[in-house]
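Novice: Quick one: the structure is below, questions incoming.
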Amino acid sequence: SESGCLSIVVLGASGDLAKKKTFPALFNLFQQGFIQSGEVHIFGYARSDMSDEGLRERIRGYLKGASDEHLSQFLQLIKYVSGSYDNGAGFELLNKTISENETSENNQPGNSRRLFYLALPPSVYPSVCKMIRSCCMTPSSHTGWTRVIVEKPFGKDLDSAEELSAQLGELFDEEQLYRIDHYLGKELVQNLLVLRFANRFFLPLWNRDNIDNVQIVFREDFGTDGRGGYFDQYGIIRDIIQNHLLQVFCLVAMEKPVSLSPEHIRDEKVKVLQSVSCINHDEVVLGQYDGYKDDPTVPNESNTPTFASVVLRVHNERWDGVPFVLKAGKALSSKKAEIRVQFKDAPGDIFRCKKQGRNEFVIRLQPSEAMYMKLTVKKPGLEMATEQSELDLSYGLRYQDVKIPEAYERLILDTYVPSILHLLLSYFATHSIICTSHVRTKMQSSPSLQRTYPN
Ligand code: BG6
(Lines give C-alpha, C1' and ligand atoms only; values in the text may rest on other atoms or scores of the structure.)
Protein backbone atom coordinates (compact mmCIF):
# COMPACT_ATOMS: atom_id res chain seq x y z
CA SER A 1 0.00 0.00 0.00
CA GLU A 2 3.03 2.34 -0.11
CA SER A 3 3.10 2.73 -3.86
CA GLY A 4 0.64 3.63 -6.56
CA CYS A 5 -1.28 6.81 -7.04
CA LEU A 6 -0.75 9.47 -4.38
CA SER A 7 -3.13 12.41 -4.07
CA ILE A 8 -1.95 15.27 -1.90
CA VAL A 9 -4.81 17.58 -1.00
CA VAL A 10 -4.00 20.99 0.47
CA LEU A 11 -7.09 22.31 2.24
CA GLY A 12 -6.90 26.06 2.73
CA ALA A 13 -4.98 26.32 -0.52
CA SER A 14 -5.51 30.05 -0.90
CA GLY A 15 -4.17 30.89 2.56
CA ASP A 16 -0.89 32.14 3.95
CA LEU A 17 0.52 28.83 5.23
CA ALA A 18 -0.23 27.05 1.96
CA LYS A 19 1.48 29.56 -0.27
CA LYS A 20 4.42 30.32 1.99
CA LYS A 21 5.22 26.86 3.30
CA THR A 22 3.12 23.96 1.98
CA PHE A 23 3.36 24.46 -1.78
CA PRO A 24 7.05 25.48 -1.66
CA ALA A 25 7.79 22.31 0.35
CA LEU A 26 5.92 20.20 -2.20
CA PHE A 27 7.85 21.92 -4.96
CA ASN A 28 11.17 21.11 -3.31
CA LEU A 29 10.10 17.48 -2.98
CA PHE A 30 9.20 17.52 -6.66
CA GLN A 31 12.63 18.89 -7.54
CA GLN A 32 14.28 16.10 -5.61
CA GLY A 33 12.21 13.41 -7.29
CA PHE A 34 9.98 12.57 -4.30
CA ILE A 35 6.94 13.78 -6.20
CA GLN A 36 6.74 12.39 -9.70
CA SER A 37 4.44 13.33 -12.52
CA GLY A 38 2.02 10.51 -13.29
CA GLU A 39 2.17 9.06 -9.81
CA VAL A 40 1.41 12.10 -7.67
CA HIS A 41 -1.42 14.59 -8.06
CA ILE A 42 -1.81 17.72 -5.99
CA PHE A 43 -5.16 19.31 -5.27
CA GLY A 44 -5.83 22.67 -3.71
CA TYR A 45 -9.17 23.16 -1.97
CA ALA A 46 -10.52 26.42 -0.56
CA ARG A 47 -13.59 28.60 -0.56
CA SER A 48 -12.36 31.19 -3.07
CA ASP A 49 -13.73 30.84 -6.53
CA MET A 50 -10.67 30.28 -8.72
CA SER A 51 -9.51 28.28 -11.70
CA ASP A 52 -6.59 25.83 -11.65
CA GLU A 53 -4.59 28.55 -13.36
CA GLY A 54 -5.68 31.09 -10.72
CA LEU A 55 -4.18 28.98 -7.95
CA ARG A 56 -1.02 28.31 -9.93
CA GLU A 57 -0.50 32.04 -10.47
CA ARG A 58 -1.07 32.72 -6.80
CA ILE A 59 1.69 30.41 -5.67
CA ARG A 60 4.13 30.77 -8.56
CA GLY A 61 6.02 33.67 -6.94
CA TYR A 62 6.75 31.59 -3.84
CA LEU A 63 8.42 28.73 -5.70
CA LYS A 64 12.10 29.50 -5.96
CA GLY A 65 15.24 28.20 -7.58
CA ALA A 66 14.08 26.35 -10.68
CA SER A 67 13.98 26.69 -14.42
CA ASP A 68 10.71 27.87 -15.95
CA GLU A 69 10.24 24.44 -17.47
CA HIS A 70 10.60 22.66 -14.16
CA LEU A 71 8.27 25.12 -12.52
CA SER A 72 5.61 24.64 -15.18
CA GLN A 73 5.85 20.86 -14.90
CA PHE A 74 5.19 21.13 -11.19
CA LEU A 75 2.36 23.63 -11.55
CA GLN A 76 0.67 21.34 -14.07
CA LEU A 77 0.31 18.72 -11.32
CA ILE A 78 -1.91 21.07 -9.34
CA LYS A 79 -5.67 21.20 -9.71
CA TYR A 80 -8.04 23.40 -7.80
CA VAL A 81 -11.47 22.62 -6.37
CA SER A 82 -13.53 25.25 -4.64
CA GLY A 83 -16.08 24.59 -1.94
CA SER A 84 -17.04 25.34 1.62
CA TYR A 85 -15.59 23.62 4.67
CA ASP A 86 -18.82 22.35 6.08
CA ASN A 87 -21.03 21.08 3.35
CA GLY A 88 -20.88 17.98 1.26
CA ALA A 89 -21.13 19.41 -2.26
CA GLY A 90 -17.58 20.74 -2.43
CA PHE A 91 -16.09 17.62 -0.89
CA GLU A 92 -18.04 15.37 -3.23
CA LEU A 93 -16.64 17.34 -6.12
CA LEU A 94 -13.18 17.01 -4.59
CA ASN A 95 -13.65 13.25 -4.27
CA LYS A 96 -14.77 13.02 -7.88
CA THR A 97 -11.74 14.99 -9.06
CA ILE A 98 -9.36 12.85 -7.04
CA SER A 99 -10.99 9.63 -8.27
CA GLU A 100 -10.76 10.69 -11.92
CA ASN A 101 -7.01 10.96 -11.61
CA GLU A 102 -6.75 7.72 -9.74
CA THR A 103 -8.57 5.77 -12.42
CA SER A 104 -7.26 7.49 -15.52
CA GLU A 105 -3.54 7.58 -14.80
CA ASN A 106 -2.89 5.18 -12.03
CA ASN A 107 -0.48 2.58 -13.27
CA GLN A 108 -1.28 0.32 -10.34
CA PRO A 109 -5.05 -0.03 -10.51
CA GLY A 110 -6.88 -0.45 -7.27
CA ASN A 111 -4.33 1.37 -5.13
CA SER A 112 -4.85 4.88 -3.87
CA ARG A 113 -3.15 6.93 -1.20
CA ARG A 114 -4.82 10.13 -0.10
CA LEU A 115 -3.04 12.67 2.05
CA PHE A 116 -5.06 15.61 3.37
CA TYR A 117 -3.06 18.56 4.65
CA LEU A 118 -5.14 20.96 6.73
CA ALA A 119 -3.59 24.40 6.17
CA LEU A 120 -6.59 25.78 8.05
CA PRO A 121 -7.51 27.27 11.41
CA PRO A 122 -8.30 24.58 14.00
CA SER A 123 -11.84 25.87 14.39
CA VAL A 124 -12.73 24.13 11.13
CA TYR A 125 -10.80 20.88 11.75
CA PRO A 126 -13.85 18.96 13.03
CA SER A 127 -16.14 19.92 10.17
CA VAL A 128 -13.46 19.40 7.52
CA CYS A 129 -12.51 16.02 8.98
CA LYS A 130 -16.16 15.00 9.02
CA MET A 131 -16.43 15.90 5.35
CA ILE A 132 -13.27 14.00 4.45
CA ARG A 133 -14.57 11.02 6.37
CA SER A 134 -17.96 11.02 4.68
CA CYS A 135 -16.98 12.04 1.12
CA CYS A 136 -13.29 11.59 0.38
CA MET A 137 -11.90 8.40 1.89
CA THR A 138 -9.90 5.97 -0.20
CA PRO A 139 -12.60 3.67 -1.61
CA SER A 140 -12.92 0.37 0.23
CA SER A 141 -12.43 -1.45 -3.07
CA HIS A 142 -8.90 -0.02 -3.23
CA THR A 143 -5.83 -0.77 -1.23
CA GLY A 144 -3.97 2.21 0.12
CA TRP A 145 -4.73 4.68 2.86
CA THR A 146 -6.18 8.02 3.89
CA ARG A 147 -4.09 10.25 6.15
CA VAL A 148 -4.72 13.66 7.65
CA ILE A 149 -2.09 16.20 8.69
CA VAL A 150 -2.98 18.85 11.27
CA GLU A 151 -0.90 21.53 12.94
CA LYS A 152 -0.96 23.62 16.03
CA PRO A 153 -2.65 25.39 17.70
CA PHE A 154 -4.40 22.21 18.71
CA GLY A 155 -7.09 23.78 20.89
CA LYS A 156 -6.64 26.66 23.33
CA ASP A 157 -6.42 24.86 26.63
CA LEU A 158 -6.74 21.37 28.11
CA ASP A 159 -10.49 21.12 27.59
CA SER A 160 -10.52 22.30 24.00
CA ALA A 161 -7.46 20.16 23.12
CA GLU A 162 -9.13 17.08 24.55
CA GLU A 163 -12.39 17.89 22.83
CA LEU A 164 -10.64 18.31 19.48
CA SER A 165 -8.73 15.09 20.02
CA ALA A 166 -11.96 13.25 20.80
CA GLN A 167 -13.71 14.70 17.76
CA LEU A 168 -10.93 13.69 15.40
CA GLY A 169 -10.56 10.37 17.19
CA GLU A 170 -14.14 9.47 16.33
CA LEU A 171 -13.41 9.96 12.67
CA PHE A 172 -9.91 8.58 12.21
CA ASP A 173 -7.65 6.00 13.76
CA GLU A 174 -4.60 7.40 15.49
CA GLU A 175 -2.34 5.98 12.74
CA GLN A 176 -4.19 8.11 10.20
CA LEU A 177 -3.65 11.38 12.06
CA TYR A 178 -0.36 13.25 11.86
CA ARG A 179 -0.05 16.14 14.30
CA ILE A 180 3.01 17.93 13.08
CA ASP A 181 5.26 20.59 14.59
CA HIS A 182 7.49 22.04 11.95
CA TYR A 183 10.29 22.87 14.41
CA LEU A 184 10.90 19.14 14.67
CA GLY A 185 11.74 19.13 10.97
CA LYS A 186 14.54 21.67 11.35
CA GLU A 187 17.99 20.25 10.75
CA LEU A 188 19.50 21.24 14.06
CA VAL A 189 16.48 20.15 16.04
CA GLN A 190 16.80 16.78 14.34
CA ASN A 191 20.44 16.82 15.36
CA LEU A 192 19.73 17.15 19.08
CA LEU A 193 19.32 13.44 19.76
CA VAL A 194 22.51 12.64 17.89
CA LEU A 195 24.50 15.37 19.59
CA ARG A 196 23.39 14.45 23.05
CA PHE A 197 23.52 10.70 22.87
CA ALA A 198 26.29 9.93 20.37
CA ASN A 199 28.99 12.13 21.89
CA ARG A 200 31.04 11.20 24.88
CA PHE A 201 31.81 14.91 25.38
CA PHE A 202 28.29 15.74 26.36
CA LEU A 203 27.17 12.67 28.26
CA PRO A 204 28.88 13.46 31.59
CA LEU A 205 28.36 17.23 31.40
CA TRP A 206 24.67 17.41 30.63
CA ASN A 207 23.35 17.90 34.14
CA ARG A 208 22.95 20.16 37.18
CA ASP A 209 26.55 19.62 38.29
CA ASN A 210 27.88 21.42 35.23
CA ILE A 211 25.12 23.44 33.64
CA ASP A 212 24.02 26.72 35.13
CA ASN A 213 20.99 27.38 32.93
CA VAL A 214 19.56 26.70 29.48
CA GLN A 215 17.99 29.33 27.26
CA ILE A 216 15.72 28.41 24.38
CA VAL A 217 15.03 31.53 22.41
CA PHE A 218 12.89 32.47 19.42
CA ARG A 219 12.92 35.99 18.06
CA GLU A 220 11.37 37.40 14.93
CA ASP A 221 12.00 40.81 13.42
CA PHE A 222 8.49 41.20 12.03
CA GLY A 223 5.09 41.50 13.66
CA THR A 224 1.78 39.91 12.80
CA ASP A 225 2.39 40.56 9.13
CA GLY A 226 -1.22 40.18 8.00
CA ARG A 227 -1.96 37.36 10.45
CA GLY A 228 -3.29 39.51 13.28
CA GLY A 229 -6.74 37.94 13.07
CA TYR A 230 -5.30 34.51 13.86
CA PHE A 231 -2.53 35.64 16.19
CA ASP A 232 -4.69 37.76 18.45
CA GLN A 233 -6.81 34.76 19.40
CA TYR A 234 -3.79 32.73 20.47
CA GLY A 235 -0.82 34.91 21.45
CA ILE A 236 2.87 34.07 21.54
CA ILE A 237 2.63 31.34 24.18
CA ARG A 238 0.24 29.19 22.14
CA ASP A 239 1.80 30.22 18.84
CA ILE A 240 5.43 29.43 19.67
CA ILE A 241 6.20 28.40 23.24
CA GLN A 242 3.69 25.63 23.95
CA ASN A 243 4.56 23.83 20.74
CA HIS A 244 7.86 24.71 19.06
CA LEU A 245 9.93 25.66 22.11
CA LEU A 246 8.48 22.95 24.30
CA GLN A 247 9.40 20.29 21.74
CA VAL A 248 12.94 21.65 21.65
CA PHE A 249 12.99 21.74 25.44
CA CYS A 250 11.99 18.05 25.57
CA LEU A 251 14.83 17.03 23.29
CA VAL A 252 17.33 19.04 25.33
CA ALA A 253 16.15 17.89 28.75
CA MET A 254 14.80 14.36 28.36
CA GLU A 255 16.64 11.20 29.36
CA LYS A 256 18.11 8.86 26.76
CA PRO A 257 15.34 6.86 25.14
CA VAL A 258 15.57 3.09 25.13
CA SER A 259 15.81 3.19 21.35
CA LEU A 260 14.91 5.49 18.49
CA SER A 261 11.48 3.94 18.21
CA PRO A 262 8.69 6.52 18.15
CA GLU A 263 7.13 5.23 21.35
CA HIS A 264 10.38 5.24 23.25
CA ILE A 265 11.13 8.83 22.33
CA ARG A 266 7.56 9.84 23.08
CA ASP A 267 7.78 8.20 26.50
CA GLU A 268 10.89 10.16 27.45
CA LYS A 269 9.33 13.41 26.34
CA VAL A 270 6.25 12.74 28.40
CA LYS A 271 8.38 11.89 31.42
CA VAL A 272 10.36 15.12 31.35
CA LEU A 273 7.21 17.17 30.83
CA GLN A 274 5.67 15.47 33.83
CA SER A 275 8.71 16.50 35.86
CA VAL A 276 8.21 20.19 35.14
CA SER A 277 6.98 21.97 38.26
CA CYS A 278 4.09 24.43 38.15
CA ILE A 279 5.25 27.64 36.56
CA ASN A 280 5.95 30.36 39.09
CA HIS A 281 4.15 33.60 38.22
CA ASP A 282 7.18 35.64 39.27
CA GLU A 283 9.15 33.89 36.56
CA VAL A 284 6.91 34.87 33.68
CA VAL A 285 7.27 38.11 31.71
CA LEU A 286 4.71 39.09 29.10
CA GLY A 287 4.78 42.00 26.69
CA GLN A 288 3.17 43.41 23.62
CA TYR A 289 5.13 45.31 21.00
CA ASP A 290 4.40 48.90 20.30
CA GLY A 291 2.29 49.16 17.16
CA TYR A 292 0.69 45.70 17.48
CA LYS A 293 -2.76 47.24 17.70
CA ASP A 294 -2.18 49.27 14.52
CA ASP A 295 -2.92 46.04 12.65
CA PRO A 296 -6.55 46.54 11.54
CA THR A 297 -7.36 42.88 12.29
CA VAL A 298 -6.32 43.29 15.94
CA PRO A 299 -8.94 44.72 18.35
CA ASN A 300 -7.99 48.10 19.90
CA GLU A 301 -8.28 46.78 23.43
CA SER A 302 -6.20 43.64 22.79
CA ASN A 303 -4.18 42.32 25.69
CA THR A 304 -2.58 39.48 23.74
CA PRO A 305 1.13 38.98 24.46
CA THR A 306 3.54 39.11 21.54
CA PHE A 307 6.52 38.47 23.82
CA ALA A 308 6.85 35.98 26.66
CA SER A 309 9.63 34.66 28.80
CA VAL A 310 8.87 31.66 31.00
CA VAL A 311 11.14 29.74 33.36
CA LEU A 312 10.63 25.98 33.51
CA ARG A 313 12.02 24.07 36.46
CA VAL A 314 12.52 20.37 36.04
CA HIS A 315 12.14 18.51 39.26
CA ASN A 316 14.36 15.50 38.70
CA GLU A 317 17.80 14.23 39.55
CA ARG A 318 19.44 15.61 36.43
CA TRP A 319 18.03 19.12 36.41
CA ASP A 320 16.98 20.15 39.90
CA GLY A 321 17.94 23.84 40.30
CA VAL A 322 18.71 24.50 36.62
CA PRO A 323 16.34 27.04 35.08
CA PHE A 324 15.23 26.49 31.49
CA VAL A 325 14.34 29.90 30.17
CA LEU A 326 11.98 29.82 27.18
CA LYS A 327 11.68 33.16 25.41
CA ALA A 328 9.74 34.11 22.32
CA GLY A 329 8.91 37.41 20.74
CA LYS A 330 7.66 39.01 17.57
CA ALA A 331 8.74 42.38 16.16
CA LEU A 332 12.09 42.34 17.94
CA SER A 333 15.35 43.70 16.63
CA SER A 334 16.54 40.48 14.96
CA LYS A 335 15.39 37.08 13.71
CA LYS A 336 16.95 34.12 15.44
CA ALA A 337 16.16 30.80 17.08
CA GLU A 338 18.78 29.23 19.29
CA ILE A 339 19.52 27.06 22.28
CA ARG A 340 22.17 28.34 24.71
CA VAL A 341 23.51 25.91 27.25
CA GLN A 342 25.42 27.98 29.78
CA PHE A 343 27.93 26.17 31.98
CA LYS A 344 28.98 26.94 35.51
CA ASP A 345 32.30 28.69 36.08
CA ALA A 346 35.41 26.54 36.43
CA PRO A 347 36.16 26.32 40.14
CA GLY A 348 39.44 27.50 41.67
CA ASP A 349 40.48 30.04 39.05
CA ILE A 350 44.29 30.35 38.91
CA PHE A 351 44.45 32.83 36.07
CA ARG A 352 43.08 35.70 38.06
CA CYS A 353 41.87 37.08 34.81
CA LYS A 354 39.12 39.54 34.68
CA LYS A 355 35.96 37.60 34.04
CA GLN A 356 36.01 36.33 30.47
CA GLY A 357 32.53 34.96 30.18
CA ARG A 358 31.42 31.42 30.80
CA ASN A 359 31.64 28.27 28.74
CA GLU A 360 28.63 28.12 26.55
CA PHE A 361 27.39 25.66 23.96
CA VAL A 362 25.16 27.35 21.41
CA ILE A 363 23.00 25.60 18.84
CA ARG A 364 21.65 28.07 16.33
CA LEU A 365 18.61 26.64 14.61
CA GLN A 366 18.27 29.63 12.29
CA PRO A 367 19.28 31.64 10.43
CA SER A 368 22.59 30.12 9.27
CA GLU A 369 22.55 26.82 11.14
CA ALA A 370 25.55 26.49 13.41
CA MET A 371 26.77 25.15 16.67
CA TYR A 372 29.63 26.63 18.57
CA MET A 373 31.31 26.33 21.91
CA LYS A 374 32.48 29.40 23.70
CA LEU A 375 35.58 28.78 25.72
CA THR A 376 38.46 30.56 27.32
CA VAL A 377 41.85 30.20 25.63
CA LYS A 378 45.28 31.72 25.98
CA LYS A 379 45.52 34.89 23.99
CA PRO A 380 48.14 34.18 21.32
CA GLY A 381 51.37 36.01 22.01
CA LEU A 382 54.11 36.27 24.59
CA GLU A 383 52.04 37.26 27.55
CA MET A 384 49.97 34.80 29.58
CA ALA A 385 46.59 36.36 29.07
CA THR A 386 43.25 34.73 28.43
CA GLU A 387 40.42 35.53 26.09
CA GLN A 388 37.07 34.16 25.07
CA SER A 389 37.05 32.27 21.77
CA GLU A 390 34.94 29.75 19.89
CA LEU A 391 35.04 26.26 18.44
CA ASP A 392 32.77 26.83 15.52
CA LEU A 393 30.79 24.42 13.36
CA SER A 394 28.93 26.63 10.93
CA TYR A 395 26.97 24.52 8.50
CA GLY A 396 27.35 27.02 5.67
CA LEU A 397 31.13 26.51 5.80
CA ARG A 398 31.39 22.86 6.74
CA TYR A 399 28.61 21.52 4.52
CA GLN A 400 28.97 23.81 1.54
CA ASP A 401 27.57 21.34 -0.98
CA VAL A 402 24.64 20.17 1.09
CA LYS A 403 21.26 21.74 0.67
CA ILE A 404 19.59 21.73 4.04
CA PRO A 405 15.94 20.73 3.60
CA GLU A 406 13.15 23.00 4.71
CA ALA A 407 11.36 21.73 7.80
CA TYR A 408 8.08 21.15 6.00
CA GLU A 409 9.71 19.06 3.27
CA ARG A 410 10.86 16.54 5.78
CA LEU A 411 7.57 16.48 7.63
CA ILE A 412 5.43 15.97 4.56
CA LEU A 413 7.77 13.35 3.15
CA ASP A 414 7.61 11.42 6.41
CA THR A 415 3.87 11.10 6.16
CA TYR A 416 3.88 9.25 2.85
CA VAL A 417 7.22 7.57 2.24
CA PRO A 418 8.08 5.40 5.18
CA SER A 419 9.07 2.75 2.66
CA ILE A 420 11.72 5.03 1.19
CA LEU A 421 12.98 5.86 4.63
CA HIS A 422 13.24 2.21 5.44
CA LEU A 423 15.07 1.60 2.21
CA LEU A 424 17.50 4.40 2.95
CA LEU A 425 17.84 3.26 6.50
CA SER A 426 18.87 -0.21 5.55
CA TYR A 427 21.21 1.25 2.95
CA PHE A 428 22.90 3.74 5.24
CA ALA A 429 22.62 1.64 8.34
CA THR A 430 24.18 4.25 10.58
CA HIS A 431 22.46 7.30 9.19
CA SER A 432 20.58 8.49 12.22
CA ILE A 433 19.14 11.74 10.89
CA ILE A 434 16.75 9.91 8.61
CA CYS A 435 15.82 7.69 11.46
CA THR A 436 14.96 10.54 13.80
CA SER A 437 12.88 12.16 11.13
CA HIS A 438 10.67 9.10 10.90
CA VAL A 439 10.59 8.79 14.65
CA ARG A 440 9.38 12.30 15.09
CA THR A 441 6.41 12.03 12.84
CA LYS A 442 5.19 8.82 14.34
CA MET A 443 5.59 10.30 17.76
CA GLN A 444 3.50 13.27 16.76
CA SER A 445 0.75 10.97 15.76
CA SER A 446 0.57 9.65 19.26
CA PRO A 447 -2.09 11.15 21.49
CA SER A 448 -0.28 10.87 24.78
CA LEU A 449 1.82 13.98 24.46
CA GLN A 450 -1.23 16.09 23.82
CA ARG A 451 -3.04 14.52 26.71
CA THR A 452 -0.20 14.83 29.10
CA TYR A 453 0.80 18.38 28.40
CA PRO A 454 -1.82 20.34 26.56
CA ASN A 455 -1.73 24.06 25.85
C1 BG6 B 1 4.64 29.40 13.12
C2 BG6 B 1 4.02 30.54 13.85
O3 BG6 B 1 4.28 28.18 13.71
O4 BG6 B 1 6.05 29.54 13.15
C5 BG6 B 1 4.45 31.87 13.25
O6 BG6 B 1 2.60 30.44 13.76
C7 BG6 B 1 5.96 31.95 13.17
O8 BG6 B 1 3.95 32.95 14.03
C9 BG6 B 1 6.53 30.70 12.52
O10 BG6 B 1 6.29 33.09 12.39
C11 BG6 B 1 8.04 30.68 12.59
O12 BG6 B 1 8.53 29.61 11.84
P13 BG6 B 1 9.99 29.65 11.27
O14 BG6 B 1 10.21 28.28 10.72
O15 BG6 B 1 10.02 30.73 10.23
O16 BG6 B 1 10.88 29.95 12.43
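Novice: State to the nearest 20 debye the size of the charge dipole of region 43-97 about its Cα centre, where the only charges are +1 on K and R beta carbons and -1 on D and E beta carbons.
Specialist: On the way: 7 positive and 8 negative charges, 26 e Å.
That gives region 43-97 a dipole magnitude of about 120 debye.
Novice: If you restrict to DSSP beta bridges whose two residues both lie in the chain, what percentage is antiparallel, to the nearest 5?
Specialist: Working: 40 of 75 bridges.
In the chain, DSSP labels about 55 percent of beta bridges as antiparallel.
Novice: Here's something else I'd like to know. Shape verdict for region 206-355, please, from the Cα gyration tensor: rounded (a/c under 1.5), prolate (a/b greater than b/c) or oblate.
Specialist: Numbers: a/c = 2.43, a/b = 1.51, b/c = 1.61.
Oblate, since a/c reaches 1.5 and b/c is not below a/b.
Novice: Using the Karplus equation 6.51 cos²θ - 1.76 cosθ + 1.60 (θ = phi - 60°), what ³J(HN,Hα) coupling, rounded to whole Hz, does each residue of region 4-9 give in order, writing x for Gly and Pro?
Specialist: x, 5, 10, 10, 9, 10
Novice: Give a residue-ordered list of calculated ³J(HN,Hα) values for region 302-312 (Karplus: 6.51 cos²θ - 1.76 cosθ + 1.60, θ = phi - 60°; whole Hz; x for Gly, Pro).
Specialist: 4, 10, 5, x, 10, 9, 8, 10, 9, 9, 9
Novice: Over region 193-273, what relative contact order in percent results from Cα pairs under 8 Å that are six or more residues apart? Each step should come with its number before you reach the end.
Specialist: Details: 34 pairs, mean separation 18.6, N = 81.
Computed over region 193-273, the figure is 23 percent.
Novice: Over the chain, with every protein chain in place, what whole percent of the accessible area is carbon and sulfur at 1.4 Å, could you tell me? Walk me through the numbers before you get to the answer.
Specialist: Values: 10860 of 21350 Å².
It is 51 percent, rounded to a whole number.
Novice: Extension gain Leu382-Asn280, at 0.36 nm per residue separation less the Cα-Cα distance, in nm?
Specialist: Details: separation 102, 0.36 × 102 = 36.72 nm, distance 5.06 nm.
That works out to 31.7 nm of additional length.
Novice: For region 33-99, take the convex hull of the Cα atoms, compute a quarter of its surface area, and give me that in nm², please.
Specialist: Working: hull surface 20.5 nm².
Spelled out: convex hull of the Cα atoms, projected over all directions, averaged, 5.1 nm².
Novice: How many percent of the alpha carbon pairs in region 1-79 exceed a separation of 22 Å?
Specialist: Here the long-distance tail beyond 22 Å is 17 percent of all Cα pairs in region 1-79.
Novice: Could you tell me which trypsin sites (Lys or Arg not before Pro) in region 27-58 are loop residues by DSSP with no more than 16 other beta carbons within 10 angstrom of their beta carbon? Intermediate values should be presented prior to the final figure.
Specialist: Values: sites: Arg47, Arg56, Arg58; in loops: Arg47.
Of the trypsin sites (Lys or Arg not before Pro), the ones in loops of region 27-58 whose Cβ has at most 16 other Cβ atoms within 10 Å are Arg47.
Novice: Search the structure for amide H atoms under 5 Å from the amide H of Val40, placed 1.01 Å from N in the peptide plane, and list their residues when 5 or more places away or on another chain.
Specialist: Close amide H contacts, sequence-distant or interchain: Leu6.
Novice: Give me the one-decimal nm value for the distance between modelled label points at Phe201 and Ser141, 7 Å along each residue's Cα-to-Cβ direction.
Specialist: 6.0 nm
Novice: Using 21 Å as the Cα-Cα cut-off, could you pick out the over-long pairs in Lys152/Lys327; Lys20/Lys156; Lys156/Lys336; Lys21/Lys336; Lys152/Lys186? Could you put the intermediate results ahead of the total?
Specialist: Numbers: Lys152/Lys327 18 Å; Lys20/Lys156 24 Å; Lys156/Lys336 26 Å; Lys21/Lys336 18 Å; Lys152/Lys186 16 Å.
Pairs exceeding the cut-off: Lys20/Lys156; Lys156/Lys336.
Novice: Distances over 15 Å make up what percent of all Cα-Cα pairs in region 311-352? Don't skip to the end; give the middle numbers.
Specialist: Working: 550 of 861 pairs.
That tail contains 64 percent of the Cα-Cα pairs.
Novice: Could you give the longest part of the chain that holds none of the GluC sites (Glu not before Pro) found in DSSP loops with at most 11 neighbouring Cβ atoms within 10 Å? Present the calculation step by step, with values, prior to reporting the outcome.
Specialist: On the way: sites that count: Glu301, Glu317, Glu383.
Counting only loop sites that pass the neighbour cut-off, the longest clear stretch is 1-300.
Novice: How high is the relative contact order of the chain? Use alpha-carbon pairs under 8 Å, at least six apart in sequence, and give a whole percent. Working shown, then result.
Specialist: Values: 802 pairs, mean separation 76.9, N = 455.
That works out to 17 percent.
Novice: Considering all alpha-carbon pairs of the chain, what whole percent are spaced by more than 34 angstrom? Please report the intermediate quantities before stating the final value.
Specialist: Details: 39029 of 103285 pairs.
Tail fraction, whole percent: 38.
Novice: Kindly provide the chymotrypsin sites (Phe, Trp or Tyr not before Pro) of region 4-111 that DSSP labels as loop, not H, G, I, E or B, and whose Cβ sees at most 14 other Cβ atoms within 10 Å.
Specialist: On the way: sites: Phe27, Phe30, Phe34, Phe43, Tyr45, Tyr62, Phe74, Tyr80, Tyr85, Phe91; in loops: Phe34, Tyr62, Tyr85.
Sparse-neighbourhood loop chymotrypsin sites (Phe, Trp or Tyr not before Pro): Tyr62.
Novice: What list of whole percents do you get for P(r) of region 66-219, with Cα-Cα distances grouped in 5 Å bins up to the one holding the largest distance?
Specialist: The calculated distribution, bin by bin, is 2, 7, 12, 14, 13, 13, 11, 9, 7, 5, 4, 2, 0.
The values are calculated or read from the model by the stated rules, or taken from the named source; none is laboratory data. Bear in mind the structure is a predicted one, so any value in this text is a computation, not a measurement. Backbone-built Cβ (ideal geometry, glycine too); neighbour counts: all protein chains shown. Only protein heavy atoms, including side chains, enter the accessible area calculation; ligands, DNA and RNA are left aside. Shrake-Rupley method; radii C 1.70, N 1.55, O 1.52, S 1.80 Å.
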